[in-house]
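These notes are about the structure you will find just below.
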Amino acid sequence: MSTSSATLPEASNRTFEVPKHPEWPVLSASEKETLKARIKGLLKEQNAVLVAHYYTDGDLQDLAEETGGCVADSLEMARFGTEHDAPTLVVAGVRFMGETAKILNPEKKVLMPDLEATCSLDAGCPADAFTRFCDQHPDRTVVVYANTSAAVKARADWVVTSGIALSIVEHLKNKGEKILWAPDKHLGHYIQSVTGADMLMWDGSCVVHEEFKSVALERVRKLHPDAAVLVHPESPAEVIEQADVVGSTTALIKAVTTMANKEFIVATDEGIFHKMHQLAPGKKLIEAPTAGQGASCESCAHCPWMAMNALQNLAEVLESGRNEVIIDPATSERAVLPIRRMLDFAREYGITMKGKGNA
Ligand code: SF4
């Protein structure tokens with residue numbers, strides 16, 4: 001098996017700040033209901049639909065479903081927006097999700113509660129440095145994870161989600177292609193370990209999943225010997241090695257609802273517990289241990305950028321019309337190609353990404 005790895009100086013020295021969790025004012029039950037009613041009215045008035053990610057606040061997830069929107073992984077969020085006839089999409093998630101929705105739906109207005117809500121994978125893979133990396137390796141097929149900017153997608157041959165990455169990399173490997181992978185090194189190494197593909201890696205990581213700790217996880221497993229361990233593949237290899245199920249958000253939710261176990265140790269953003277509790281109320285969910293205070297992710301197990309989405313700024317954006325996602329049309333036209341390539345591949349090979357789960 002031929003494997004490769006590389007670290008660019010631009011990527012190995014973090015050039016972005018991980019923000020503290022925003023402290024949203026605590027709302028009383030009646031204040032919350034008033035605000036939700038206001039948002040419902042605004043969505044209706046503006047013929048807008050709310051699409052929320054599983055990692056966002058539970059109130060936003062509930063509101064999305066109560067108003068005919070959806071709660072999903074990033075790709076299904078974009079697909080939903082494409083299939084829905086609402087001219088305005090309000091994306092509660094992080095920036096690349098809003099951008100993907102806009103790339104797939106250029107004629108629609110896409111709003112986000114906070115345009116500064118990024119992702120460490122996106123922020124750690126600037127387009128100019130990434131382009132130089134690609135230019136240095138013209139013999140490689142460029143495969144990027146969905147958690148990237150529109151400009152990085154525009155430089156790629158393929159965009160993948162974690163639900164389809166294994167199938168696409170396997171397909172490329174069987175065609176004899178060598179791969180340049182970005183930005184998540186943990187997901188990349190996991191795919192490489194399964195497929196044996198020749199993958200040159202960008203040195204990026206998720207600040208949330210990277211904090212799951214393998215030694216501490218072993219201790220928790222001993223305390224809960226009957227618990228199934230569910231791990232998102234953005235986690236380090238030593239954590240993935242202990243998993244009963246490795247999969248993305250939709251796949252991990254499915255595991256909780258279908259496996260016979262009564263207890264689950266879950267290594268992904270804690271926002272997912274809201275949907276898991278809804279779908280499997282009798283199951284006990286245990287957070288996988290993180291490094292806690294002092295780690296590079298102060299949250300731990302909750303994405304600080306996802307936490308920038310709240311009822312308050314959602315209402316504000318709907319009222320003001322601010323925070324529209326704008327993408328340079330030339331970039332968008334180029335970025336849609338590798339996304340469509342993935343969708344076409346899924347169709348051709350009968351891969352239901354919703355069932356497999358995506359990041
Ligand atoms: S949880 Fe990690 S991968 Fe997901 S948006 Fe936050 S930083 Fe990015």
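Each reported figure results from applying straightforward, stated rules to the coordinates on display, with no laboratory input. A quick note: this is a predicted structure, and the numbers were derived from the prediction, not measured. Neighbour counts are summed over all protein chains in view; Cβ atoms, including those assigned to glycine, are modelled from backbone coordinates with ideal geometry.
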Pop a pseudo-label 7 angstrom from the Cα along the beta-carbon direction at both H277 and E218 and give the gap in nm to one decimal. 3.2
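Please sort through the DSSP H helices of the chain and keep those with an alpha-carbon extent of at least 27 Å along the long axis and a Kyte-Doolittle average not below -0.5. Please report the intermediate quantities before stating the final value.
Working: long enough: 329-348 (28 Å, -0.34).
Correct list, ordered by number: 329-348.
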For the residue pair E17 and S193, what label-to-label distance in nm results when each label sits 7 Å from Cα along the Cα-to-beta-carbon direction? 3.5
Nonlocal amide H pairs with E263, under 5 Å, H built at 1.01 Å: A228, K284
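At most 16 other Cβ atoms within 10 Å and a DSSP loop assignment: could you name the trypsin sites (Lys or Arg not before Pro) in the stretch 10-112 that fit?
Working: sites: R14, K20, K32, K36, R38, K40, K44, R79, R95, K102, K108, K109; in loops: R14, K20, K108.
Those that pass, being in a loop and sparsely packed, are R14, K20.
Could you list E238, E177 in order of exposure, starting from the residue whose Cβ has the fewest other Cβ atoms within 10 Å? Mind dumping the intermediate values first?
Working: E238 13, E177 16.
Taking fewest neighbouring Cβ atoms as first place, the list is E238, E177.
Provide the FRET efficiency to the nearest 0.05 for the D85-E45 pair, computing r from the beta carbons and using R0 = 22 Å.
Working: r = 16 Å, r/R0 = 0.74.
The formula returns an efficiency of 0.85 here.
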Just to be sure I understand the model, the point goes 7 Å from the Cα along the line to the Cβ. What's the resulting T257 to E238 distance in nm? 3.5
Most exposed to least, judged by fewest other Cβ atoms within 10 Å, I326, I164, I240 sort to I326, I240, I164
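For the cross-link pairs K185/K213; K102/K185; K254/K283; K185/K275, which exceed 19 Å when the distance is taken from alpha carbon to alpha carbon? Provide the component values of the computation, followed by the final result.
Working: K185/K213 17 Å; K102/K185 27 Å; K254/K283 13 Å; K185/K275 28 Å.
Long pairs (Cα-Cα over 19 Å): K102/K185; K185/K275.
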Going by amide H atoms built from the backbone, whose H comes under 5 Å of the H on V160, apart from near neighbours? V144, Y145, A146
Along the Cα-to-C-beta direction of E177, a point sits 7 Å from the Cα; which residues of the stretch 183-211 have their amide N less than 19 Å from that point? 183-184, 188-202
